[in-house]
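K.L.:
Okay, handing you the structure first.
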Amino acid sequence: FSLSLAGFIEEPERKYCFECDSEEQCQEWVEALKRASYEFMRSSLIFYRNEIQKMTGKDPLEQYGISEEARFQLGSHQ
């Protein structure tokens, strides 16, 4: 499978090719890339933030002054 990354100034049309020995190995790569995505990390942050808040009664991000920012709320995209 391959990835094409657009938007980099130095190499605007760079393409990365991955080769795998099996379909299983290919699926492992794809899943690893999904887990490294911004959206996966954002969803994880929201989940764990809510879990910590349920357990402690406090917003764990409040100390950083970002507890009210919409970008951390479910369904918000900026």
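K.L.:
Is it the case that segment 60-69 has a residue that's modelled with pLDDT of 85 or more, surrounded by 10 or more Cβ atoms within 10 Å (Cβ to Cβ) and among the charged types (D, E, K, R)?
P.N.:
Within segment 60-69 (the criterion being modelled with pLDDT of 85 or more, surrounded by 10 or more Cβ atoms within 10 Å (Cβ to Cβ) and among the charged types (D, E, K, R)), the answer is no, since none of the residues qualifies.
K.L.:
For Arg49, all conditions in the list (1) at pLDDT 85 or above; (2) out of contact with any Leu (no Cβ under 9 Å at 6 or more places or on another chain) hold save one; what is the number of the exception?
P.N.:
(2) is the only condition that Arg49 fails.
The values are calculated or read from the model by the stated rules, or taken from the named source; none is laboratory data. Bear in mind that the values here come from a model prediction, so they are computed numbers and not experimental data. Positions of Cβ are generated from backbone atoms using ideal geometry, with glycine treated the same way; all protein chains shown enter the neighbour counts.
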